[in-house]
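> Okay, handing you the structure first.
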Ligand code: ADP
C-alpha cells in the first residue's frame, strides 16, 4: 500500500483493520461501498442532469479512493449482488481466480450457491459460515463469505474476502512429513555404513583392506554430510540469511565432483549422465564448494527423478557475459516428463511440489530442494532459472559470477 497517499493509507488502515480477522462483523466499509455503487447506478438513471453531475462527481471521487484502497490490498475482494452478479472484484481477487470468468466454475461459485438462500442479516456485515480453505487456480485460498445488510436487515449483496494461504497450509501439512522424510533419508546411508563397518571389522587384522567396502562406506558418509548441509541451509534460510564461503574454485572441478559421485547410481537406473564442460577453459568463481556441489547435485538428481525410462541428464557449462557481469553458466537438462505451465511459476517456492512429482515412481523430497538451490545461487550473487516443456523435458541454468567480475 506504500504508493497510496497517506490519508488513503490511514483510511485503509482504520477501515480495513478488522478485515484481517476473517469474519469481523463490525466492518461497514463494504456496505458503504455497496450502497454507493447502487446509488450511483440509480443516479445515472435519474432525469435531473445537474443533480446527476454533482452526485457523480462527489461519488466518483469517493469510489476512486475506495477502488485505490481495494486495488492495493493483498487480500482478494469480490462483491456480488443478491443474484450473484459480480459488481466489484479487485486485482488480487482477479489474479487469485486466474480471470473473472472462472468464478462460477471455481470453489468460490459453490460457496456463493451454498448461502444464496439467506435473505436476512443480523448486522451490516454478517459472516455466512466459517472461513474455509479451498483450492483455487493451483493455490490454496482461505475464503470468508459475508452478507451485506441494509438498515432493515435485508440482504443486499455479499462480499468475499480471499487470502492466499498456500505457503502456510503446505508448511503445516508437511511439518510431520518433514521429520519422516529426514528419518527415511538418514536410514539408508546409516544402514550401509553400519553393515560395511561390521564387515570391515570382521576381517582378520592382517587382511588387506577391502577397498570396495571402504569406498561404499565413504560414499555413504558423504551422503550424510550432504544431508546435514541441506538441513543447515534450511535452518539458516528460516533464520533469514544464508552465508556462503568465498573460496576461489574451478567450476569444472565442482561439476566433475558431482558427476563422479552420481554417475554409477544413475547408470544403474538406466539413465545416461552426459557432461559437456569444455567451454569453460579454467573459469574460476568465488564460492562455496560443498554448497555449489549440493545445488548442482540436486538439479542432476531431479533430472534423474523426473526422467523417463532410458532417458538422459546432461550437464553443460560455458562462460557468458550478461549485463556487466561475466558468468560461469552450468545448465542441467533432461528429456523427462517436463513441468506443467501451471506449476512453473511455483517450483522455486518452498514446499511446492508439482503435479508431476506424484506421477514419478519414487517421489523424493519435500519440494524445498529448488528453493534451497536458488538461495545458494543468489547467495553467490548468481541466479538459478528454469525452462520446461511438458512431455519434452526441462532445463535448469545456474549462473555464478566469475572471479574477475566478483573480485574486480
Ligand atoms: P521435490 O523434487 O522435492 O519435489 P524441488 O524443489 O526439487 O522438490 O522441485 C519442485 C517441483 O519442481 C517438483 O515437485 C517437480 O514438480 C518440479 N521439478 C523439479 N525438477 C524437475 C525436472 N527436472 N523435471 C520435471 N519436474 C521437475
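> Residue 392 is checked against (1) within 13 Å of the ligand (Cβ to nearest atom); (2) in contact with a strand residue (DSSP E or B) (Cβ under 9 Å, 6 or more places away or on another chain); (3) modelled with pLDDT of 90 or more; (4) on the phi < 0 side of the Ramachandran plot and fails just one. What number does that condition carry?
(2)
> Can you pull out the residues in the stretch 318-328 that are surrounded by fewer than 22 Cβ atoms within 10 Å (Cβ to Cβ) and either within 26 Å of the chain's Cα centre (by Cα) or not in a loop (DSSP other than H, G, I, E, B) (or both)? Don't jump to the end; show me each part of the working.
First, the residues of the stretch 318-328 that are surrounded by fewer than 22 Cβ atoms within 10 Å (Cβ to Cβ): 318-326.
Matches in the stretch 318-328: 318, 319, 320, 321, 322, 325, 326.
> Follow-up question, since we're still on this one. Name the residue, out of 303, 297, 338, that is within 16 Å of the ligand (Cβ to nearest atom) and part of a loop (DSSP other than H, G, I, E, B).
On the way: 303 fails: part of a loop (DSSP other than H, G, I, E, B); 297 fails: part of a loop (DSSP other than H, G, I, E, B).
Checking each option against the conditions leaves just 338.
> While we're on this one: For the stretch 266-285, give me each residue that is over 21 Å from residue 319 (Cα atoms) and either outside the structural domain of residue 336 (by TED's automatic domain parsing) or without any contact (Cβ under 8 Å) to a residue 24 or more places away in the chain (or both).
The answer is 267, 268.
> Something else: Show the residue pairs meeting these rules: Cβ distance below 9 Å; 6+ apart or different chains; first residue within the stretch 221-235 and outside the structural domain of residue 189 (by TED's automatic domain parsing) and closer than 20 Å to residue 378 by Cβ; second residue modelled with pLDDT under 80 and part of a helix (DSSP H, G or I).
That search, which allows pairs on different chains as well, returns nothing.
> Let me ask something else. Residue 254 passes all but one of (1) in contact (Cβ under 8 Å) with a residue 40 or more places away in the chain; (2) in a loop (DSSP other than H, G, I, E, B); which number fails?
Answer for residue 254: the failing condition is (2).
The values are calculated or read from the model by the stated rules, or taken from the named source; none is laboratory data. Worth saying up front: this structure is predicted, and the values here are computed from it rather than measured. Glycine also receives a Cβ, built like all others from the backbone with ideal geometry; neighbour counts cover every protein chain displayed.
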